[in-house]
Structure formats: C-alpha cells, structure tokens
Amino acid sequence: MTAERVISQDVEATVRQHQEHDAAGNSKFGFIVFLLSESVIFLSFFTGYIVYKTTNPDWYPPGVTGLETREPLINTLVLVSSSFVIYVAERYLHDKKLWGFRIFLLATMAMGGYFLLGQAVEWSSLPFGFKDGLFGGMFYLLTGFHGLHVLTGILLQTLMLGRSFISGNYDNGFFGVEATSLFWHFVDVIWIVLYTLIYVWQ
Amino acid sequence: MTNISLEAPEVVRGQPYPGAPDNWKRFFTFSTDHKVIGIQYIVTSFFFFLIGGTLSMIMRGELITPDADLVDRTVYNALFTMHGSIMLFMWTFPVLVGLGNYLVPLMIGARDMAFPRLNAVSFWMVPVVGVLMLASFLVPGGPSQSGWWAYPPVSIQNPTGNLLNGQVLWILAVAISGVSSIMGAVNFVTTIFRMRTPGMTWFRTPAFVWSVLGAQLIQLYGLPALTGGAVMLLLDITIGTSFFAPERGGNPILYQHFFWFYSHPAVYVMILPVFGMFSEILPVHARKPLFGYRVIAASSILITVVSGLVWVHHMFASATPSWMRILFMVTSMLVAIPSGIKVFGWVATIWGGKIRFTTPMLFALGGISNWLFAGITGIFLASVPIDIHVNNTYFVVGHFHYVLYGAIVMGIYAGIYHWFPKMTGRMYYEGLGKLHFALTYLGTALTFLPMHPAGLMGMPRRVASYDLEFAYWNVLASLGGFLLGLSTLPFILNMVSSWIRGEKVGNNPWRAYGLEWLTSSPPTVENFEELPLVVSGPYGYGRNQPLVGNTPNPGLTEFPESLTAMQSDEL
Amino acid sequence: MSKLRAILIMTVYAILVTLASIWMAKQSYSWFPPEASAESKLLDDLFSLFTGLGTFIYLGVIGPFLYSLVFHRARKYDMSDGPPIEGNTWLEIVWTAVPLVLVLTLSFVSYRTYEKMAVRGPMELVHLHLPQIIQPAYAAPFDSTPQQEIENAVETAPIEEIDVTAKQWAWVFHYPKQDITSTELHLPVNRRVRFTLRSEDVLHGFYIPAFRLKQDVVPNHEIDFELTPVKTGTYRLRDSMFSGTYFAANQADVVVQPFNEYQQWLADAAAASPTPAFNQAAFEYSQANDQEGATKDNVVVRGWDTIPPASPPVVNYAPKHEPDSPPT
C-alpha cells in the first residue's frame, strides 16, 4: 500500500507539474479549436456564394461579365508565399536568432500590406459596389471579411515585432508567435479557396 | 498507514488576484475563479428568466381572450420575440454554461478552467447582451418584432426607417452572445481535453462532462454559421445589400438554412447538459451505478454528430424540395436512438435501487417523464406529412416547451438543488423544494399540454388573436402559465433563505461519488489541496472501491462515509 | 413463483398498454378539424398510427419507471447501496436496435403517405398531368379510399387552376379561366385543385387545417400546390408563417361546394363589378391611425409603428362581412 501511495503521489506531482506549466500547450490547443470554429463562418459564406451562383444564372450586375484575374493572381502569389516567409521567421526564432526573426516578420508584414493594397486598388477600379445585386454583395462580403482577417494578422505581427524587443519576452516560450503564424497560414488557406471560388470559377 | 508522511507538493493558493474579496462582494468583481463565475452566470440568467417569464405571462394574458385586446399587435409580436430571445440567449444557454463552469473543473479534478480570464470575459458579455435586449424596448419602433428566428423579409422591413432600431440591437445582442459562447466553448473543450486529473481516462469521466463536451462542440461548429447569416442579415438591414431581400433578388430561404443549421443543434446544446445532470443525479439518489454508463456517455457525442444533420426539418413547409424533406425526415428520426438509449438507461438505473424522493431527484424524475413525452411528439414532428399539418402551430409550441420547460428547466432546477449544498455548504429546505416541484410539474402540464390539441385543430403559433374554437385550450394554458409564474416564488424564497441560514451539512451530504464531493463545501479557490489521482470509474455505488488513490482525500480532511470504510479496507 | 408472478404482471401490463394504445389511436381522429380533403384522411391515418405507437412507447417506459418509483424506495434508515449493476450488453443492444427499426419503419410509412398525397414538391415546377405516384403498385397500408378519391378526381375532370396571392395582410384568389378575383376561396368538391402560390412581400403560409396541408409562400418564387377537397362546407384558411404586425388577422374563408354551385358562383362573380373587400388589417390600421385621439383605444397597451397594410383588395367577389368562424 505504501508503494501505491508513493507511486500515486509521484505520478500526481509530475502530471501536475506538467499541467500547470503547460498553459502554453492549452493556449495552442484552444487557439486551434478557435480557428476551426472560425473557419465555419467562411464555410457558411462559401456555401452562400455557391448557392447563389448556381441558382441565379445571371447574377452579375448589369454590364459586368466577369472579373479580371491577372492582378489578383499576383496578389495571391504574394500572400501565399508570405506563409513561407513567416515560417522562416519562426525557424529563426527557434534558433534564437532574433534579428533574422524580425527581418522575416517584417517581410511578411510587407507582403500582407502589399496584398491589402492590391485589394484596395482592385476594389476602387471595379464598376460595381456592395449593393449591386447578389454578386456585388457576395464579392465584397467575402473579400472584405477576408481582408479584415489579413489586417488582423498584420496587427498581430506588429505586436509580435514590438514584443520581440522586450528582453526576456521568450523565457516562457513563444506561443504568441506560433499563434500569429498559425493564424496567417489559416488566412492563406482561406484565400486560396476564396480565389478559386471567385476568380477561377467564373 | 497514517504514520507515513509524505510532503505534499506545495501548492500556491490564494485569491485570483491580490486583495480580491472573499465574501458576497466577489460575485460583483471580475473574478477568474470558475466557481464564482459559475454562480455569476446562474444568478444573472435566473434574473433574466424572471423577465422572460413576465413577458410570457403578459402574452398568456393577451391570449386568455380570443381578441387582441390587452396589448397592441405590435406589442404582442415584440413580446414573443423578446420572450424567446431572452429565454434562450439570456437564461437557458447562460445558466447551463454556469452549471458547467461550476461543475466541470471540479468533476475532472482541475483547479480551474483552462483560460480563467477568458472565462470571466465570456461571462461579463452576458449582462451586456441583456442590457442591449432590454434597451431595445426603449428605441423608437420598439424591439425586434420578427420572432426569435428573425426570418427575412419581415426582419428586414423597418417601419421607422431608423438605423438604430430594435432589429439591429437584437442582432448585435445575439452576435455578442455568440462571441461569448464561442469563447466559452473553446474554454470548455480545452479544459475537458487537457485538464483531466491523472487517472481520469475518458471512460472514467462523469457523464455530465461528456454531455457538456458534446454541447460545446455543437457551439463550435454551429454558431459560426448563424454568425455568418446574422452578418448578412445585418448588412441587408443597414447597408441595403440584397442577400435575403427578395425585392432586390435575394433568397430569404438561404437565411433559414443558416439559422437552423445552428439553431436546431442549439436545442441539443441545451438538452445535453441536462441529460448529463440526470445521469449524475439518478445514481446518487437511487444508490446504484448509472446503467450503461459508457453507452450513455458516448451517445452524447452521437447526438452532437447527428444534430448537425437534421436542420431542414424546421423547413418542411418552406420551399423545400421533396428529396430534402425525405432525407431530413430520416436523419431527424435517428435522433430518437441516442435519446432512447439515455432514457432506457435511466429507467434501468433506478430499477431495483434505493430511491429517495429528495427535491433534486423529484425534479430529475419529472424532467425525464416530460422528456419522454416531448421526445415522442418530436418523432411525430419529424414525419413529413404530420409536420406539414402541425408545423408553425401550437403543437410545435407545446412540443418544444415540453422540452425546454418540462425537461430542461426542470433539469436545471434538479441540478441547482443537487449541487446547492456543494456551492454553499448549506442545505435547502426540503418542504419548500417539494412545493416548488409540485407547482412546476402541474404548471408545466397545465400550460403546455393544452397547446397540443390547439395545434392539431390548426391554431398557428405567434398569433395575437385567434378564432373562438381555440378559446378553451388557451384559457387552460393561460392559467397554467400564471401557475408557473407562481411556482418560482418558493424557489426564490428557498434559495435566498437557505443560502443565508440553511443548515450546514458538511462536504458530502448525499454520500455521493464524484470528485466534486471530495473537496470542501463550498470548495476553496483552486478546488483541491492536491490533485486527485483517480483509480476507478464514476458511480461506484455498492462496489466498495475507492474513487481516488490519494490519502487523505485530495479535498480536505473529512471523508465521505461511504468512502472511509472501503478505503481503510483497501489500504 | 416470483418469476411466474413477474411474467404474469408483465403480460397483463402489456395487454393493457396495447389496449390503451389502440384506444388512443382511435381517439386521435377526434383531435382534428373535419376531414375536408382526401389528403386529410391520409394524414389522419398516419397520425393515428403514430399516436398508437407513441402511446405504446410512453406507457411501456413510464410503467416500469413508476413501478420502480413505488416499489424500489429506500427504507427510512437504510443507508446501504443498491446492487452495483453497471449495464447489460444484450439489453443495451436491444434498446438501440428496436428504436432504430421502429423509426426507420415510421420514416418509410411517412414517406409512402407523403407520396400518396402528391402535394407536389414546391420546387418541382414541371406540370405532370397525372401524379405518377398514384399507381396501384403502391399497396396502401391503410384505407385506400382517399387514394382512390384523388385518383378519381384527377381522372374524371381537368384540374382546376387557381392563383393565390398573399400579401401583408390579405389573401386574393384569382380564377384565371374566368379571370375573376375573390377574397373568399371557393373550391369544387371532388375535383383536383392546383394552386399557384405567390407572395407580394414577405413569407406567408398557405394553411387550411381542415385539409391538413400547408405550404409557405415565398416572394419571387411561384409554388405549385395540389389538393383534393372531398367534403362541402366552410373552412378557414390561415396564414401560418409569421408575416408581421397583422399576421393573426390574415385569414380567409374556404368554401367547398358541389360543382354546379361552384360554377354558378363563378358565373355570378364574373358578372359582378370589382369592389373593395373588407380587410381586417386595413380596418384595424385605419382605426388606429385615422381618428385623432382615438388612437388604439381598443387595447390597454399601445403599440409601435408598423408596416402599413396593403389597401383592401378590389375583387369581383367579396364577402360582405368578416370571415366566418369555422364550425366547431
């Protein structure tokens, strides 16, 4: 019986140690759960888009036949490659090379910024607005909602960049950077689906 | 065995933040203790339960006569809209989150939820939602009058032309409630997956925890769909986009899909934790293990999955093609199977037990009998031809109030009474509790049974006036409604007076199994002196097995009688 | 001995439950309005089946439940626990499988009833002259008269076509062949009727309880809907999908009459010049808003702004009064 107790307390102590110091693990788990849930909002918008498109044969606003795909494609390439850039930044952080991390994070932010700028340019050149029928509504809803996520991602990256200058910031791991990076990959994947739906499937 | 002294791991214990009050004032602070938050949820939502109940009694006052003569038709429409919205978003959801918040960490042997601060933020959004809902009574044009479904095009129509109107406030309130629920769900799922104490494997986890997990998973996959639909609806109302506006080419039926994709599973978000509480309460007061525990636990997750595939049964009379009607009829009928497993399991649990009619037991038994009835009328509603006749009639109103009041509210009462000694360290008054039960059970039957025949005769729901042929049933239902209003008085009296000066009853007055009963009543901050090491499954009644391997027990010094004997045998 | 007694009790209880279920199934017919359409008979049969089975399940579960509550109580000072039975695999398999078979059967029976009603899926806009489902291949589990009635109606005469327009808050019926309009729905008995449902503003619900049929009316979306009235009389059409302020008042009378009377009514209506019909919503709205000071003094609690009702429809045939209450 003594042995049982000793073992039990031993196990207990280890696991508790593990549990109480694994706040970062919890956060990561929780963040992934949150992203999965968030993706359902996009999924519902995509479903709406597909339903509207398939049930309304002529749903473009008058005078609109389709969308220009070239500039958006460049935009897409920039955004998708920024996913690799932020990955590199993360690797640098793992190796405790802070300046490499900062430079690549900055590069990611620049690429995200370029994407948003390209989006703004495209929006301003389009002949239809938010209120122009179902297509107008769906187009601006999807790109706008995604754009908000890109903006959020850039703000998170700014925050991470700023915090990298605080000494001792990474003593307890770098969950913040991991989450930011995860969020950025998520935003990218969503964009790929979105691009396929809006630009490729015309 | 007592002379061996091992240094218990030193625990850093204390208040959630320095200087936090330790008395009643803590319930008015931004406390991060899951037990404080749980009680904050329960009390706040009960306050809104009373408001929602008052609204319903005004409605029953209107409906006691056939003509629309007590309130104006617009007022009646606002009343049923706000009654539904407040009862769901401000009472049923939050009160169950509150019970879950209080119990889940205790039951799985955790010191708190995974994200205590997020937990507090989730709670403090609830009063904001409530204020927005109530404030909408004061804006020009009154609160939303489109029902809690907010179906377009009616919800898009804006008679006052103001941008700030009841419907917009309603959507904002629902959106904030949604954010709060998603944050809560992330918290619960993370807690249940990652914070179970050593030895608590999945099939040693209490059925209540399983059911909360099932419910919160639904929130995670369902709520975002409603959010998507609500965003589009808000854009239609405010900016003038055309998603659901038929005059601009939109499709109002699509909104119904978004809405029900969440809002049907939402019923299971509410009923699952109640099922869980039934599964906890019956074994304690019948002194028998939960019959078929594993299957009952797993059936919660089965319901989570199936409930995502049934939403179109709310739309059989909408412009729904036949193949969809038939497909969703079959999936909806399938829900009867996991529900049946639970009911049969409960009956087998009490069979041959040593039953005591305590107040929580009475409420649980009453809730189960009501659920049985509501489940059977639910199968009626799943059948397409029957549903074509009765949907949008009082038959449906009777059915879902039997679920919501008969099963869910009774289950919530059962839970509150059962864990009241744990939350306060004091016992409620049994006599008042039984009076409360009698009034509630009779009131439920008198209010909601007559709605079924009225619906079969063809009385549509949401009407402010009706034909004379329905008067008889409506008078009965109105009288029952007032009785239900009355039934809350002994409850309030009981809770307030027992909390202040009820008999102190120690840590485990029910002699119940379960980690929550091993710690003090009320549990201290961080719940356990040392984390319990679970060595056997739950519900070990009559089995002479210890639940935990720690000695002394991980809570405090006092042993539950039933555990003391067997533990000294064992060690 | 005790085993024998248990078997005896169970047998007696099973017989009682069966009898009660049969009684309830028969009783269920009385819970409905008159069976005024062929479809309503199909529905009532189905409902009766559900009621019988539902009663059987309810009593079958509640009996042991109550028995246990009465006979398995703890004695006052008995602190012991019950037997530690944790489950029984066979029992659990049985009570998973039996409901499964049961609900699949009920789904199948419902499906067949639905097919026989042949109300038309709302999105199936193809006009078929004879509902294919009405074929002898589908042997009826119940009384086959209603099915026969539908079939006769379809075979003996052309389908009557009627346009239905729903708006906030009025029903207008248009008979395209005669080009007449009415706010009262007249139908010939024993003829198949096909409605084309339209809405001018929001969702409405076309619901005639005596016919047991209901279909939402969706703006921008024509919906075909068929039924076969088989009993003369006056019934009530109600709006079943919440449509705003005066939703509850959005009702109309449905008059099912012999074919010659129906023809006569059509002829009379064609001769009449269009007049504004009485409209409850418009009436209440004008009462509330026209008279200075008298605003809504018929209610205790005053209301808020509302979407104004459409002006009373101008029709060939307008009943001179508010809709009649259906016979109780």
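Below are the figures for this structure:
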read-out: With Cα atoms, 0 to 90° folded angle of helix A:70-94 axis to chain A main axis; value: 10
read-out: Förster radius 60 Å - calculated FRET efficiency between residue C:270 and residue B:43 (Cβ-Cβ, nearest 0.05); value: 0.30
read-out: Probe 1.4 Å, accessible area per residue of the stretch C:160-315, Å²; value: 35
read-out: For the stretch A:187-202 and the stretch B:294-330, distance of Cα centres in Å; value: 30
read-out: Most to least packed among B:537-550, A:89-102, A:181-194 [average Cβ atoms within 10 Å]; value: B:537-550, A:181-194, A:89-102
read-out: Shape call, the stretch C:160-315: gyration tensor on alpha carbons, a/c limit 1.5; value: prolate
read-out: Inter-site label distance for residue A:185 and residue B:194 at 7 Å from Cα along Cβ, in nm; value: 1.6
read-out: Förster radius 35 Å - calculated FRET efficiency between residue C:161 and residue C:105 (Cβ-Cβ, nearest 0.05); value: 0.40
read-out: 5 angstrom amide H check on residue B:533, placed H, neighbours 5+ away; value: B:549, B:550
read-out: Label-to-label distance, nm, for residues given as residue B:324 and residue A:196 (7 Å Cα→Cβ offset); value: 2.4
read-out: Between B and A, accessible area buried - total, square angstrom, nearest 100, 1.4 angstrom probe; value: 3700
read-out: Out-of-range pairs (alpha-carbon distance over 25 Å; input B:434/B:504; C:41/C:177; A:53/C:214; A:28/B:25; B:288/B:422); value: C:41/C:177; A:53/C:214; A:28/B:25
read-out: Pairwise centroid distance, computed over Cα atoms, of the stretch B:395-459 with the stretch C:220-290, Å; value: 41
read-out: Sites residue B:239 and residue C:31, calculated FRET efficiency, Cβ-Cβ separation with R0 45 Å, nearest 0.05; value: 0.40
read-out: Relative contact order computed over the stretch A:55-189 (Cα-Cα under 8 Å; 6+ residues apart), in percent; value: 30
read-out: Shielding score for C:61-71, defined as the mean number of other chain Cβ atoms within 10 Å; value: 5
read-out: The stretch C:160-315, relative contact order [Cα under 8 Å, separation at least 6], %; value: 25
read-out: Ordering of B:329-336, B:401-408 by burial proxy (mean other Cβ atoms within 10 Å per residue, highest first); value: B:401-408, B:329-336
read-out: Principal-axis tilt of helix B:410-424 within chain B, Cα atoms, nearest 10 degrees; value: 40
read-out: Prolate/oblate/rounded label for chain A (Cα gyration tensor, a/c 1.5); value: oblate
read-out: Residues with amide H under 5 Å from that of residue C:199, placed H, sequence gap 5 or more; value: C:166, C:218, C:220, C:221
read-out: Average other protein chain Cβ within 10 Å of Cβ, residues B:484-495; value: 0
read-out: Overall form of the protein assembly as shown per C-alpha gyration tensor (a/c, 1.5; a/b vs b/c); value: oblate
read-out: Computed lengthening from residue B:65 to residue B:137, 0.36 nm per intervening residue step minus Cα-Cα distance; value: 23.4 nm
read-out: Chain lengthening between residue C:261 and residue C:70 when straightened (0.36 nm per residue, less Cα-Cα); value: 62.4 nm
read-out: Shielding by other protein chains, B:133-142, mean Cβ within 10 Å; value: 1
read-out: Alpha-carbon centroid distance for the pair the stretch B:166-181 / the stretch B:59-80, whole angstrom; value: 25
read-out: Cα-based helix-to-principal-axis angle, B:166-194 vs chain B, degrees rounded to 10; value: 30
read-out: Order by protection proxy (mean Cβ within 10 Å, highest first), peptides A:52-65, B:458-471, B:192-205; value: B:458-471, B:192-205, A:52-65
read-out: Charge sum, other residues only, whose C-beta stays under 12 Å from residue B:248's C-beta, Lys/Arg counted +1 and Asp/Glu -1; value: -2
read-out: Residue C:287-residue A:64 pseudo-label distance in nm [points 7 Å out on the Cα-to-Cβ vector]; value: 4.9
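The values are calculated or read from the model by the stated rules, or taken from the named source; none is laboratory data. Bear in mind that the values here come from a model prediction, so they are computed numbers and not experimental data. All Cβ positions, glycine included, derive from the backbone under ideal geometry; neighbour counts span all protein chains shown. With ligands, DNA and RNA removed, areas are computed over all heavy atoms of the protein, side chains included. Shrake-Rupley method; radii C 1.70, N 1.55, O 1.52, S 1.80 Å.
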